[in-house]
1. Output the residues belonging to segment 427-437 that are assigned to a helix (DSSP H, G or I) and buried (at least 20 other Cβ atoms within 10 Å of the Cβ).
2. Condition first: surrounded by fewer than 23 Cβ atoms within 10 Å (Cβ to Cβ) and in a loop (DSSP other than H, G, I, E, B). Now tell me which residues in segment 368-393 satisfy that.
3. Looking at (1) of a type in the set (Lys, Arg); (2) in contact with a helix residue (DSSP H, G or I) (Cβ under 7 Å, 6 or more places away or on another chain); (3) over 30 Å from VAL428 (Cα atoms), find the lone condition where LYS167 falls short.
4. Looking at LEU307, LEU299, LEU281 in this structure, which one is under 24 Å from ASN159 (Cβ atoms), out of contact with any Cys (no Cβ under 6 Å at 6 or more places or on another chain) and at pLDDT 95 or above?
5. Across segment 534-551, which residue is nearest to ASN478 (Cα to Cα) among those that are basic (Lys, Arg) and either buried (at least 16 other Cβ atoms within 10 Å of the Cβ) or without any contact (Cβ under 8 Å) to a residue 24 or more places away in the chain (or both)?
6. Would you mind finding the one in VAL263, VAL290 that is buried (at least 23 other Cβ atoms within 10 Å of the Cβ) and under 16 Å from GLU198 (Cβ atoms)?
7. Give the residues of segment 341-367 that are surrounded by 21 or more Cβ atoms within 10 Å (Cβ to Cβ) and small (Gly, Ala, Ser), sorted by residue number.
8. Tally up the residues in segment 305-354 that are aromatic (Phe, Trp, Tyr) and either farther than 26 Å from TRP439 by Cα or without any contact (Cβ under 8 Å) to a residue 24 or more places away in the chain (or both), please.
Amino acid sequence: MNRRLLLKQLAATLPAIVLAPQLRAADGILNEEVEKIITGPFSPDWKSLSAYQAPDWFRNAKFGIWAHWGPQCQPEYGDWYARGMYQEGSEQYKYHLATYGHPSKFGFKDVINEWKAESWDPEELVSLYKKAGARYFMALANHHDNFDLYKSKYQKNWNSTKIGPKKDLIAGWRKAASNNGLPFGVSVHAAHAWSWMETAQRSDKNGTMAGIPYDGKLTKVDGKGKWWEGLDPQALYAQQHVLSENSEDNRMIHKQWDWAEGVCVPTTAYCEKFFNRTIDLINSYDPDLVYFDDTALPLWPVSDAGLRIAAHLYNKSIKKNGKNEAVIFGKILDQLQRKCMVWDIERGQSNAIESLSWQTDTCIGNWHYDKRVYANKRYKSAKTVIHTLVDVVSKNGNLLLNIPVKGNGTIDEEERKVVEEIGAWMDVNSEGIYDTRPWLVFGEGPAMESAAPLAAQGFNEGKGKPFSASDIRFTTKNNVVYATVLGWPTDGKIIIKSMNSSSQYLQKKINSIQLLGSSGLLTFEQNEIGLVVNLEEKKPYLNYAFTLKIG
């Protein structure tokens with residue numbers, strides 16, 4: 001039986017088993033863990049991790065902002081540039097050819113060297129995000145390109161203190177978050193570099209450069225006389241391995257995301273390097289949140305590295321705080337795994353009140369900065385972001401919003417307008433967002449009837465019917481219900497059907513209704529159809545969503 005099938009069978013039959021130590025011993029590569037590991041109540045297995053509970057600070061925060069920023073933002077040409085630039089005929093390949101030259105001569109390692117982040121001001125940006133209402137801040141620590149954005153012991157040369165900006169970006173972001181009183185998170189994506197960067201092993205099939213390999217197989221000896229002399233590109237690209245099955249099919253990376261479907265299984269050395277890199281990151285920068293762009297946890301089920309990282313972070317938080325205040329995010333979780341961490345839904349949201357805390361992560365543009373989105377005015381509006389936030393919070397979720405950062409470390413003026421408008425809305429309406437919990441029903445209205453189901457990591461965003469004045473979302477705290485209406489009615493009346501005179505949801509008489517941002521009380525009546533509220537106040541400036549405080 002081959003190793004991959006053995007791993008899959010073990011994972012399916014014994015979900016709590018710790019795989020990596022046994023496999024390392026079998027492979028004759030049993031290495032001692034290098035980084036200091038903190039032991040405690042949590043062990044590196046699913047059953048132990050299932051005792052996790054999301055901390056109250058996170059459940060109360062509701063809204064975070066993310067800087068998904070790294071060297072792939074230097075070309076300012078969209079997501080997954082480090083992969084797409086090696087896909088012959090793709091838009092990114094064509095852009096790379098015209099801007100930098102052929103990827104056999106100018107590869108992604110050279111893009112990193114071009115990146116200087118010369119205008120980056122983390123204090124200004126994080127202060128802006130706090131004013132917009134963010135209650136936690138997340139920074140990219142590494143992406144699938146395998147480049148660490150901090151002083152890394154295990155990517156000793158391929159990190160932002162040595163190449164490119166020559167700055168410790170995570171240290172800068174962390175200091176800014178601390179200065180603004182925001183919990184700090186890091187996102188870790190590098191587990192997938194092994195298969196994700198396989199495109200760098202290719203060569204053109206057409207034209208004058210046909211058959212000339214891209215730079216994905218270069219080694220240290222190839223650097224003599226070049227700017228990277230003395231560096232080993234394989235420490236970055238990790239491509240000294242056979243290709244995964246059907247690697248030439250660019251879509252296979254998605255099918256193989258859970259280390260199945262014929263993927264080339266990473267070596268134990270690769271898995272252990274990832275483990276130590278991530279523990280080093282956690283120990284050195286003490287994040288409150290860690291986001292993994294993985295199915296369940298990194299490298300599961302081919303390694304238990306992710307399980308060990310999770311147990312360490314939780315035990316570390318307990319040792320520091322007396323209780324576990326840490327948050328880990330994972331994707332595509334089964335019912336047991338959802339108890340072990342916070343379920344993250346990418347570019348989408350649940351269609352029901354979830355019993356456990358969860359998070360939507362999305363972006364106003366592309367994840368990596370894309371000047372085409374800016375030029376064509378394709379950013380999400382503040383209205384769209386607010387509607388998403390209100391909907392997510394009504395279902396027991398949080399919203400993590402990425403604001404793409406340009407290669408030089410700034411955001412553009414259109415992004416800034418969106419952020420500032422979100423802040424203006426939150427100044428008036430955040431009482432119905434922060435510290436709340438779902439009501440007995442999350443909402444009502446036609447958008448519920450056309451909600452799109454989740455697909456893979458999520459990806460149901462924008463596929464349902466647009467929100468309107470007939471759509472209402474509910475939250476509650478301190479014996480008050482907040483009803484946020486997602487549009488201003490033309491007749492000046494709101495009818496809340498869930499609060500009709502015979503409603504099963506109302507546990508007490510309604511005494512008062514106030515429009516947040518206004519000091520006066522609104523008149524209302526209840527009948528068999530619903531609670532009819534007269535909007536006697538002047539329209540709020542940002543009236544695409546407004547909140548009624550019902551006491």
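The values are calculated or read from the model by the stated rules, or taken from the named source; none is laboratory data. Every value quoted in this text rests on a predicted model; they were computed, and no experiment measured them. Methodologically, a virtual Cβ is constructed for each residue, glycine included, from the backbone with ideal geometry; neighbour enumeration extends over all protein chains shown.
1. If we filter segment 427-437 for residues that are assigned to a helix (DSSP H, G or I), which is where we start, we get 427-432.
Once the filter is applied, which keeps residues that are assigned to a helix (DSSP H, G or I) and buried (at least 20 other Cβ atoms within 10 Å of the Cβ), segment 427-437 yields ASN429, GLY432.
2. ASN376, LYS377, ARG378, TYR379, LYS380, SER381
3. It is condition (2) that LYS167 fails.
4. Details: LEU307 fails: under 24 Å from ASN159 (Cβ atoms); LEU299 fails: out of contact with any Cys (no Cβ under 6 Å at 6 or more places or on another chain).
Exactly one residue qualifies, and that residue is LEU281.
5. Taking segment 534-551 and keeping what is basic (Lys, Arg), we get 538-539, 549.
When the remaining residues are screened for being either buried (at least 16 other Cβ atoms within 10 Å of the Cβ) or without any contact (Cβ under 8 Å) to a residue 24 or more places away in the chain (or both), the result is 538, 549.
Values: LYS538: 27, LYS549: 11 Å.
Result: LYS549.
6. Numbers: VAL290 fails: under 16 Å from GLU198 (Cβ atoms).
Matching residue, one of VAL263, VAL290: VAL263.
7. Passing the criteria: GLY348, GLY365.
8. Taking segment 305-354 first, the residues aromatic (Phe, Trp, Tyr) are 314, 329, 343.
Those still in the list that are either farther than 26 Å from TRP439 by Cα or without any contact (Cβ under 8 Å) to a residue 24 or more places away in the chain (or both) too: 314, 343.
Residues in segment 305-354 being aromatic (Phe, Trp, Tyr) and either farther than 26 Å from TRP439 by Cα or without any contact (Cβ under 8 Å) to a residue 24 or more places away in the chain (or both): 2 in total.
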